[in-house]
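Report on one structure; see the data block that follows.
The values are calculated or read from the model by the stated rules, or taken from the named source; none is laboratory data. What you are looking at is a predicted structure, and each value in this text was computed from that prediction instead of being measured. As a convention, Cβ positions derive from the backbone with ideal geometry for all residues, glycine included, and neighbour counts pool all protein chains shown.
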Amino acid sequence: TYYLSQIEAHNAKLNAFLEVYAAEALGKAALIDVKIQSGTAGELAGLVIGIKDLLCYEDHHSYAGSNILDSFKSTFSATAVQRLLDQDAIVIGRQNCDEFGMGSTNENSAFGPALNFKNTAHVAGGSSGGSAVSIQANMCHISLGTDTGGSIRMPAAFCGVAGLKPTYGRVSRWGLIAYASSFDTIGPMARHVEDLALILKFISGADGQDSTVVSVSEFAVKKPSNGKRIAYIKEMAEHPSLQADIKKAFFERLDQLKKKGYEVIAVDFPYVEALLPTYYILTTAEASSNLSRFDGVKFGHRTSFATKDLLEMYKKTRDEAFGEEVKRRIMLGTFVLSADYYDAYYTKAQKVRRLIKEFTQSLLQENDFLVSPTTSSTAYRLGEKTLDPLQMYLGDLFTVQANVAGLPAISIPMGEDAQSLPMGFQIMADVFQEEAMLDLATELV
Ligand code: GLN
């Protein structure tokens, strides 16, 4: 009831939840109370979670922040959601996000942006904006978000909460409405790092429905050398786009780490300029293919026009229901996959992805962690970036590397800037090194 009262008090303004399952949640809580008394309750009994609108929950709506999934209800729950339900967690509602996870501010949601609780003239970040604000305004204990290029970490940084993007292949993507399948991950957001660790434990591990996930026993054989070598990429820490307050706070954290006995090393990364082009070429390509299933036949919205044939029905439906950014990405993706340009863009980006991955992993062979600010600035004002998609994409500079390379990364709060807006500190680690990464994060908060 505490969380429901917080939602009641703030959601109309913040627009973090798109739908709240109040009566259902209370009913479940009563049943779980009985289980607790009889000693049969799961390990997460009564834990209140919110889920991003991209995750399926049996018999509930999932709209992916889009009009195209209008009235769609899922017949099954995402594996990550199901595993929390199996431990008697309670889903309190579904949370606002950018349409299909495409965006960095939540302003691409068909249902309007989620607003930053710290200052409602500013965005929450995206695409898991509603999930971050829900934690920021105490509307639930844990949020489940998704991260394709920073969508958990960026809003976590903008809202001053913690967010974890797991290694690609650690958490099943079954029941996650796909944006870019080889980048998409599901992860938790919370106020405390310990809670991220707890949730990760339950949602991790093999699942017959997603063959890219490995079993828990295969995780983390390699332990970091001595866990004490921390590297940062010079080209990022000195990047011209970096806000002065963030840079200062970041170097203060590095000093703190040195005092605690860590070795802090500046390294070069020759592919900083290639990160965003590689990410946006490959994700738009994958998105154009994934989003072809929304055709007015299988799910959600269908045009009410009396169209003359099937093709016109597809076109009209998609034209009516997809937002501007989704259309832009479908077109970009279709272009980079077209016969004439495939080699020049798609194949080349795949090769560069390999180089980025190998180089990043080589840095993580020599060092235990790679750290950076999570974002180059604090939360933008509403509307500040919406007219210029390239400016919007540039905001993802520090977060996409983990997705391009498939590595785990976490954003934790790093104080506030001069305008009292939250800043984030990012830690990245080698594959399946979440535990070591979470331990370091715990030391820093
Ligand atoms: N802002 C990035 C994009 O629009 C990241 C999105 C995400 O991680 N889902 O692609």
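Residues I199, I230: which one is part of a strand (DSSP E or B) and either of a type in the set (A, V, I, L, M, F, W, C) or within 16 Å of the ligand (Cβ to nearest atom) (or both)?
Being part of a strand (DSSP E or B) and either of a type in the set (A, V, I, L, M, F, W, C) or within 16 Å of the ligand (Cβ to nearest atom) (or both) holds for just one of I199, I230, which is I230.
Looking at (1) more than 21 Å from I203 (Cβ to Cβ); (2) in contact with a strand residue (DSSP E or B) (Cβ under 9 Å, 6 or more places away or on another chain), find the lone condition where V81 falls short.
(1)
Among the candidates S109, S127, which residue alone is touching a Cys at 6+ places or on another chain (Cβ under 7 Å) and touching a residue at least 60 places away in the same chain (Cβ under 8 Å)?
Among S109, S127, only S127 is touching a Cys at 6+ places or on another chain (Cβ under 7 Å) and touching a residue at least 60 places away in the same chain (Cβ under 8 Å).
What is the residue count in region 38-69 for residues that are farther than 14 Å from R94 by Cα and either under 17 Å from the mean Cα position of the chain (by Cα) or charged (D, E, K, R) (or both)?
Final tally of qualifying residues: 1.
Return yes when A162 is at pLDDT 95 or above and among the small types (G, A, S) and no when it is not.
yes
Mind listing whichever residues of region 291-327 are surrounded by 18 or more Cβ atoms within 10 Å (Cβ to Cβ) and outside any loop (DSSP other than H, G, I, E, B)?
L291, M313, Y314, T317, R318, A321, E325, V326
For region 115-159, what are the residues that are within 16 Å of the ligand (Cβ to nearest atom), among the hydroxyl-bearing types (S, T, Y) and either assigned to a helix (DSSP H, G or I) or at pLDDT below 95 (or both)?
Selection gives S131 alone.
Look at region 373-389 and say how many of its residues are within 17 Å of S151 (Cα to Cα) and either in contact with a Cys (Cβ under 7 Å, 6 or more places away or on another chain) or surrounded by fewer than 24 Cβ atoms within 10 Å (Cβ to Cβ) (or both).
Going through region 373-389 one residue at a time, the tally reaches 6.
Pull up region 209-230, narrow it to residues that are over 23 Å from the mean Cα position of the chain (by Cα) and modelled with pLDDT of 75 or more, then point me to the one that is nearest to L370 (Cα to Cα).
I230
Can you name every one of the helices (runs of 4 or more DSSP H) wholly within region 334-411 that holds 1 or more residues which are away from the ligand (no atom under 16 Å from the Cβ) and either within 24 Å of the chain's Cα centre (by Cα) or touching a residue at least 40 places away in the same chain (Cβ under 8 Å) (or both)?
In region 334-411, 348-366 are the helices (runs of 4 or more DSSP H) which contain 1 or more residues that are away from the ligand (no atom under 16 Å from the Cβ) and either within 24 Å of the chain's Cα centre (by Cα) or touching a residue at least 40 places away in the same chain (Cβ under 8 Å) (or both).
Which of (1) under 16 Å from M414 (Cβ atoms); (2) surrounded by 14 or more Cβ atoms within 10 Å (Cβ to Cβ); (3) within 27 Å of the chain's Cα centre (by Cα); (4) of a type in the set (A, V, I, L, M, F, W, C) is the odd one out, the single condition A244 does not satisfy?
(2)
Taking the stated definitions as given, is T146 in contact with a Lys or Arg (Cβ under 9 Å, 6 or more places away or on another chain) and surrounded by 22 or more Cβ atoms within 10 Å (Cβ to Cβ)?
Criteria met by T146.
Working only within region 176-193, note down all residues that are touching a Ser or Thr at 6+ places or on another chain (Cβ under 7 Å) and either away from the ligand (no atom under 16 Å from the Cβ) or in a helix (DSSP H, G or I) (or both).
Correct list: V193 only.
Restricting attention to region 257-265, does a residue exist that is surrounded by 16 or more Cβ atoms within 10 Å (Cβ to Cβ), in contact with a helix residue (DSSP H, G or I) (Cβ under 9 Å, 6 or more places away or on another chain) and in a helix (DSSP H, G or I)?
Yes, region 257-265 has at least one match.
Could you please find all residues in region 4-44 being in a helix (DSSP H, G or I), β-branched (V, I, T) and more than 27 Å from A197 (Cβ to Cβ)?
V34
Any residue at all in region 422-434 that is more than 16 Å from the ligand (Cβ to nearest atom), closer than 22 Å to P113 by Cβ and not polar (S, T, N, Q)?
So far as region 422-434 goes, yes, one or more of its residues are more than 16 Å from the ligand (Cβ to nearest atom), closer than 22 Å to P113 by Cβ and not polar (S, T, N, Q).
Which pairs do you get when a residue that is in contact (Cβ under 8 Å) with a residue 12 or more places away in the chain, found in region 140-162, comes within reach of a residue that is near the ligand (Cβ under 8 Å from one of its atoms) and in a strand (DSSP E or B), reach meaning Cβ atoms under 9 angstrom, with the pair 6+ apart or on two chains?
That search, which allows pairs on different chains as well, returns I152/T146; R153/D147; M154/D147.
Looking only at residues in region 79-107 that are within 16 Å of the ligand (Cβ to nearest atom) and among the hydrophobic types (A, V, I, L, M, F, W, C), which one is surrounded by the most Cβ atoms within 10 Å (Cβ to Cβ)?
It comes out as C97.
Given the options Y168, Y57, name the one that is more than 29 Å from Q419 (Cα to Cα) and within 16 Å of the ligand (Cβ to nearest atom).
Answer to the selection: Y168.
Can you say whether R173 is out of contact with any Pro (no Cβ under 8 Å at 6 or more places or on another chain) and either among the hydroxyl-bearing types (S, T, Y) or away from the ligand (no atom under 16 Å from the Cβ) (or both), as far as the supplied structure shows?
No, not satisfied.
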